[in-house]
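Before any comments, here is the structure.
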Amino acid sequence: FGIDFQLNINDLLEVTKLYEEEFYLISNHPSEKKQVSFASLLNKPLILFPSVHQCRRILNQTSKDLNTILEPIVETSSIPSILNLVSSGIGQSVVSRTLFEFYDTGDLFFQTVKQPSLTRTVYLVMKRNSFINYATREFITLLISEIKKLHFDIETDSINLLERNLS
């Protein structure tokens, strides 16, 4: 099994939509605004993943759709480096909500990116009609529990079906 961010229709795979996640602009200082427009990001010193990362591809496509080009001041594949640079005030970054929630970001602040909204779908992918061993069942059960705890906008029908199949 695996986690994917693209819907790949394949007869050999069973794909379950887990949730939609949004992207945040993160910085080391608070803002009274809960949302920020994508266009306003272009004027900020950004620390981003390299263009090969799926997150960055979304940003690049959105930028292209607006006839602009993203020009980050730093590119790195290291999530801790991005968070440390933002925490130090070097710049700001755009990250997925999942990434923001799963790391120690207590000293960082976020704004949801809107106009246009930046989102991606998160899927659980498994080989169709295969045996699901105990460790895999327990991991998927834990994954579902964590998703629910974080109050993601989950696909209730998909999650319920997945839980029934794991029983």
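Let me spell out the model: positive unit charges on the Cβ of Lys and Arg, negative unit charges on the Cβ of Asp and Glu, origin at the Cα centre of the chain. What dipole size does that give, in debye rounded to 20?
On the way: 16 positive and 19 negative charges, 35 e Å.
Value, rounded to 20: 160 debye.
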**Request:** Choose one of Asn160, Ile58, Phe100: the residue whose Cα lies farthest towards the positive end of the charge dipole of the chain (beta-carbon charges +1 Lys, Arg; -1 Asp, Glu; about the Cα centre).
**Result:** Ile58
**Asked** How much of the accessible area of the range 24-112, in percent, comes from carbon and sulfur atoms when a 1.4 Å probe is used?
**Response** 50 percent
**Request:** Report the percentage of all Cα-Cα pairs in the chain whose separation exceeds 26 Å, rounded to a whole percent.
**Result:** 36 percent
**Request:** Give me the accessible area per residue for the range 63-148, probe 1.4 Å, as a whole number in Å².
**Result:** 57 Å²
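The values are calculated or read from the model by the stated rules, or taken from the named source; none is laboratory data. In this text, all values refer to a predicted model and were calculated from it rather than measured experimentally. All Cβ positions, even for glycine, are placed from backbone atoms using ideal geometry, and neighbour counts span all protein chains on display. These accessible areas exclude ligands, DNA and RNA; they are computed on the full protein's heavy atoms, side chains included. Shrake-Rupley method; radii C 1.70, N 1.55, O 1.52, S 1.80 Å.
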